[in-house]
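J.: The structure follows.
A short reminder: the numbers here are calculations on the coordinates, not readings from a lab. Model, not experiment: these values are computed from the prediction. Here the Cβ positions follow ideal geometry from the backbone for every residue, glycine too, while neighbour counts run over all protein chains shown.
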């Protein structure tokens, strides 16, 4: 079993309050979950209104597949207009 974890720190410049941030984060998580069949959640910075840390997990029996899925997830998050990826950490076990 191969497990891939992607940790993304994002900046949401257009958020003026926690409600704006949560709307953006929920939308991103819902789209990524639907497109890529991965687990994704906000894992840190929950009370900061312009920053968030997202955790993404993918499980497979091939490391190449896990790496490919995490690469596509990162690319899709970077394309989001409402946010900017400030840090990315990928681990495959």
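J.: Before we move on, is residue 38 farther than 12 Å from residue 92 by Cα and either crowded, with 17+ Cβ neighbours inside 10 Å or over 15 Å from the mean Cα position of the chain (by Cα) (or both)? Give the steps one after another, and end with the answer.
T.: Details: farther than 12 Å from residue 92 by Cα: yes; either crowded, with 17+ Cβ neighbours inside 10 Å or over 15 Å from the mean Cα position of the chain (by Cα) (or both): yes.
So residue 38 fits the description; yes.
J.: For residue 13, which of the numbered conditions (1) surrounded by 13 or more Cβ atoms within 10 Å (Cβ to Cβ); (2) under 15 Å from residue 78 (Cβ atoms); (3) over 13 Å from the mean Cα position of the chain (by Cα) fails to hold?
T.: The number of the failed condition is (1).
J.: Taking the condition of being in a strand (DSSP E or B) and under 30 Å from residue 61 (Cα atoms), how many residues in segment 3-27 meet it? Don't jump to the end; show me each part of the working.
T.: Let us first name the residues in segment 3-27 that are in a strand (DSSP E or B), namely 3-11.
Checking the rest, the ones that are also under 30 Å from residue 61 (Cα atoms) come to 3-10.
Matching residues across segment 3-27 total 8.
J.: Here is a follow-up. Look through 79, 22 and report the one residue that is buried (at least 16 other Cβ atoms within 10 Å of the Cβ) and out of contact with any helix residue (DSSP H, G or I) (no Cβ under 7 Å at 6 or more places or on another chain). Working first, answer last.
T.: Numbers: 79 fails: buried (at least 16 other Cβ atoms within 10 Å of the Cβ).
Testing whether each residue is buried (at least 16 other Cβ atoms within 10 Å of the Cβ) and out of contact with any helix residue (DSSP H, G or I) (no Cβ under 7 Å at 6 or more places or on another chain) leaves just 22.
J.: Let me ask something additional. Just to verify a result, which residue in segment 52-72, among those that are assigned to a strand (DSSP E or B) and in contact with a helix residue (DSSP H, G or I) (Cβ under 8 Å, 6 or more places away or on another chain), is surrounded by the fewest Cβ atoms within 10 Å (Cβ to Cβ)? Before the answer, list the steps.
T.: So in segment 52-72, the residues assigned to a strand (DSSP E or B) come out as 52-60.
With the extra rule that they be in contact with a helix residue (DSSP H, G or I) (Cβ under 8 Å, 6 or more places away or on another chain), the set shrinks to 52, 54, 56, 58-60.
Numbers: 52: 24, 54: 23, 56: 24, 58: 22, 59: 13, 60: 15.
Among residues in segment 52-72 that are assigned to a strand (DSSP E or B) and in contact with a helix residue (DSSP H, G or I) (Cβ under 8 Å, 6 or more places away or on another chain), the one surrounded by the fewest Cβ atoms within 10 Å (Cβ to Cβ) is 59.
J.: I would also like to ask the following. Out of curiosity, is residue 32 part of a helix (DSSP H, G or I), in contact with a helix residue (DSSP H, G or I) (Cβ under 9 Å, 6 or more places away or on another chain), on the phi < 0 side of the Ramachandran plot and surrounded by 13 or more Cβ atoms within 10 Å (Cβ to Cβ)? Break it down into steps so the answer makes sense when it comes.
T.: Numbers: part of a helix (DSSP H, G or I): yes; in contact with a helix residue (DSSP H, G or I) (Cβ under 9 Å, 6 or more places away or on another chain): yes; on the phi < 0 side of the Ramachandran plot: yes; surrounded by 13 or more Cβ atoms within 10 Å (Cβ to Cβ): yes.
Criteria met by residue 32.
J.: I would also like to ask the following. Working only within segment 78-93, note down all residues that are closer than 23 Å to residue 64 by Cα and part of a strand (DSSP E or B).
T.: 87, 88, 89, 90, 91, 92
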